[in-house]
Amino acid sequence: MRKEPRQERSRRMVERIVTAGRSVLARDGYARFVTTRVANEAGISPGSLYQYFRDKDELLTVLMERYWAETGDRVAAALADRLNDPPDRLIRNAVEALLFALEHDSQLLRVVVEEVPPRYSEAHLHALRRRVQDLGSAYLAGRAPGERSGTTRSWVIVSAMEALSVRWILERPAIRREELIDELTLLATNYMAGARET
């Protein structure tokens, strides 16, 4: 950011701009995401916005950082106190937590996945995956020490669950949410069972 907010008033202004930016991006899409629209949404002048953000790229970078951090916080919070659950329950919890986090703002998810250039999200999305994978790896290492790499299995499971969850949210096929959770849980459970047997 051009100017780091130090006073409460400045911090409130930044939050106002970021909230407005998120609304504009979700509603109007990436192609129409411009600073004048964000300033109008925030009820401020473009000059006030430029005190904190040099341009739309800088604002979009902050938006993506926050979006993926919040998504990661939702997943981690839903999973953190459930690591002692049996394997079948933990996997279901993980699927539900990931779906819940991604569904939180499905319109913004659509814009982020389908319109925003990957360069804005790559590092933040990687950090989210790493957080979830680390939780999974810790669980697998504690449950099955000496087996095939928990890190590898965790990466495969998280990547598959993320991809399928995003597709379900964006495409809305004729599959009920509970049915999807059942299928993803079965998929991951069978994969883990197969990993233990080899």
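The values are calculated or read from the model by the stated rules, or taken from the named source; none is laboratory data. Given the structure is predicted, the values throughout are model-derived calculations rather than measurements. Heads up, the Cβs are rebuilt from the backbone with ideal geometry, glycines too, and the neighbour counts pull from every protein chain shown. For accessibility, only protein heavy atoms count, side chains too; no ligands or nucleic acids. Shrake-Rupley method; radii C 1.70, N 1.55, O 1.52, S 1.80 Å.
Within region 2-36, work out how many residues are loosely packed, with under 15 Cβ neighbours inside 10 Å, touching a residue at least 24 places away in the same chain (Cβ under 8 Å) and under 23 Å from the mean Cα position of the chain (by Cα).
Summing the residues that are loosely packed, with under 15 Cβ neighbours inside 10 Å, touching a residue at least 24 places away in the same chain (Cβ under 8 Å) and under 23 Å from the mean Cα position of the chain (by Cα) in region 2-36 gives 2.
Give just the number: which of (1) at pLDDT 95 or above; (2) open to solvent by 50 Å² or more (accessible area, probe 1.4 Å) does ALA39 not satisfy?
(2)
ALA195: of a type in the set (A, V, I, L, M) and at pLDDT below 90, yes or no? Let's see the steps before the verdict.
Details: of a type in the set (A, V, I, L, M): yes; at pLDDT below 90: yes.
Yes.
Which one of LEU49, LEU98 is within 15 Å of the chain's Cα centre (by Cα) and either under 30 Å from TYR191 (Cβ atoms) or not in a loop (DSSP other than H, G, I, E, B) (or both)?
After ruling out the rest, the residue left standing is LEU98.
Residues ARG37, ARG6, ARG12: which one is out of contact with any Lys or Arg (no Cβ under 8 Å at 6 or more places or on another chain) and not in a helix (DSSP H, G or I)?
The unique qualifying residue is ARG6.
How do the pairs read when you match residues in region 94-108 that are free of Cβ contacts under 8 Å to residues at least 24 places away in the same chain with residues anywhere that are open to solvent by less than 20 Å² (accessible area, probe 1.4 Å), using Cβ under 8 Å and keeping only pairs 6 or more apart or on different chains?
Final answer for the pair search is ALA97/VAL75; ALA97/LEU79.
Scanning region 53-95 for residues that are of a type in the set (Asp, Glu) and assigned to a loop (DSSP other than H, G, I, E, B), which turns out nearest to ALA193 (Cα to Cα)?
By that ranking, first place goes to ASP85.
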